[in-house]
Amino acid sequence: MTGETGEVSARAPWGGARGRVLAALAVVLAGVMAFHRGVPNAVGRVGSLLESFLPWVGLLIVVLLIGALVRRSAVALVAVLLPVGVWVHLFGGLLLPAAESGGRELVVVQHNVSDENRDPAATARALIAAGADLVALEELVVPQLAVYEKALAADYPHHVVRGTVGLWSKYPLSGERLVDIKPPGIAEGWSRGVRAVVDSPYGDIAAYVAHLPSVRVGAGGLASERRDESAELLGRAIAAENVDTVILLGDLNGAVEDRGLDPLTSRLNVAERGFAFSFPASLPLARIDQVMARSATVGHIRTLPATGSDHLPVAARVTLG
């Protein structure tokens, strides 16, 4: 295009080959998000790795949008709407405001307190300040356990500990027992599951506290086999639970989108509002501390201020049916 002076305009038209490349990338990205369960897990558990950080794929959408604007490509801009729509479908609901309280509600707190926590007393005070009805803790070790028991006793007169996990409650507990979620290959003495019945104002609730095995990300991908095996054992225990209403609190070492937690997410409701990325505390990238429920709704979930742990505590409102 030339002006009156005959000079060629420096401004490129809306479109071009590079715009088509951006458009193709946008379509691929939308497909990966929409059909993330189709990404194979056979090698390196790539599918689970993708699902662990799936919300952050939104950053790639922003990059594509900027690229489309820089290249002035109408085709690319329209194509970017595809991954935007998929992201909103998957995660947009988490951004909505929390619903008003319906009355039949418990506030619960979940926290991996860390076995290297140097100030368990301060951590306990922070958890008390949340005003929860139930508090679930993991990585309880001697001598820190005694500190938590003493600090929480006045506000939570009922508690149960099995192995390195425990539940503190404002309401009476009964039926306390160990839940065996130890996968094959882990040494005896490993104990990370407990169950108790909470005599709440709204009826009996079977509360489970669990700490699934850790996962590692390395050159070979995501090492999550033991976590997945433990999730299967926990899912079976919950499926066999006779009490109708169940609340699961725990460090599950996985996001709810991760297919490795299917034995749990297929049986339990997950949080409807809030991202609550809880790990690592210094730069939270994923919510691996979870609150799930059966015959109840997990409404808004949020993080609490950092404690002496490498996890952030999470608090959630659970509405009983």
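The values are calculated or read from the model by the stated rules, or taken from the named source; none is laboratory data. This is a predicted model, so every value here is computed, not measured. Using ideal geometry, Cβ is built from the backbone for each residue, glycine included, and neighbour counts are taken over all protein chains shown. Surface accessibility is based on the protein's heavy atoms, side chains included, excluding ligands, DNA and RNA. Shrake-Rupley method; radii C 1.70, N 1.55, O 1.52, S 1.80 Å.
Quick look at the numbers
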item: Members of the range 42-59 found to be open to solvent by 60 Å² or more (accessible area, probe 1.4 Å) and under 21 Å from the mean Cα position of the chain (by Cα), listed by number; result: VAL46, PHE53, TRP56, LEU59
item: In the range 168-196, the residues that are closer than 20 Å to ALA239 by Cβ, among the aliphatic types (A, V, I, L, M) and part of a strand (DSSP E or B); result: LEU178, VAL194, ALA196
item: Of all residues in the range 1-24 being open to solvent by 90 Å² or more (accessible area, probe 1.4 Å) and under 11 Å from ALA76 (Cβ atoms), the one that is modelled with the lowest pLDDT; result: TRP14
item: Residues located in the range 263-287, provided they are in contact with an Asp or Glu (Cβ under 9 Å, 6 or more places away or on another chain) and open to solvent by 30 Å² or more (accessible area, probe 1.4 Å); result: THR265, PHE279, PRO280, SER282
item: Failed condition for VAL194, given (1) open to solvent by less than 40 Å² (accessible area, probe 1.4 Å); (2) touching a helix residue (DSSP H, G or I) at 6+ places or on another chain (Cβ under 8 Å); result: (2)
item: Pair list, Cβ < 7 Å and 6+ apart or interchain, from the range 159-172 residues that are β-branched (Val, Ile, Thr) to residues that are in a loop (DSSP other than H, G, I, E, B) and open to solvent by 40 Å² or more (accessible area, probe 1.4 Å); result: THR164/GLU139; THR164/VAL141; THR164/ARG192; VAL165/ARG192
item: Per-region count, the range 197-240, residues part of a loop (DSSP other than H, G, I, E, B) and either within 22 Å of the chain's Cα centre (by Cα) or surrounded by 14 or more Cβ atoms within 10 Å (Cβ to Cβ) (or both); result: 6
item: VAL256 being surrounded by 14 or more Cβ atoms within 10 Å (Cβ to Cβ), without any contact (Cβ under 8 Å) to a residue 60 or more places away in the chain and touching a strand residue (DSSP E or B) at 6+ places or on another chain (Cβ under 6 Å); result: no
item: Those residues of the range 144-186 which are open to solvent by 70 Å² or more (accessible area, probe 1.4 Å) and either in contact with a Leu (Cβ under 8 Å, 6 or more places away or on another chain) or at pLDDT below 95 (or both), in sequence order; result: HIS159, ARG162, LYS170, ASP180, PRO184
item: Selection count where residues are of a type in the set (Val, Ile, Thr) and within 32 Å of the chain's Cα centre (by Cα), scope the range 60-77; result: 4
item: So ALA34, is it open to solvent by 20 Å² or more (accessible area, probe 1.4 Å), aliphatic (A, V, I, L, M) and closer than 14 Å to VAL88 by Cα; result: yes
item: Total residues in the range 277-309, condition free of Cβ contacts under 8 Å to residues at least 40 places away in the same chain and in a loop (DSSP other than H, G, I, E, B); result: 10
item: Criterion (over 25 Å from ASN242 (Cβ atoms), open to solvent by less than 40 Å² (accessible area, probe 1.4 Å), within 25 Å of the chain's Cα centre (by Cα) and among the hydrophobic types (A, V, I, L, M, F, W, C)) met by exactly one of LEU140, LEU106; result: LEU140
item: ALA68 open to solvent by less than 40 Å² (accessible area, probe 1.4 Å) and not in a loop (DSSP other than H, G, I, E, B); result: yes
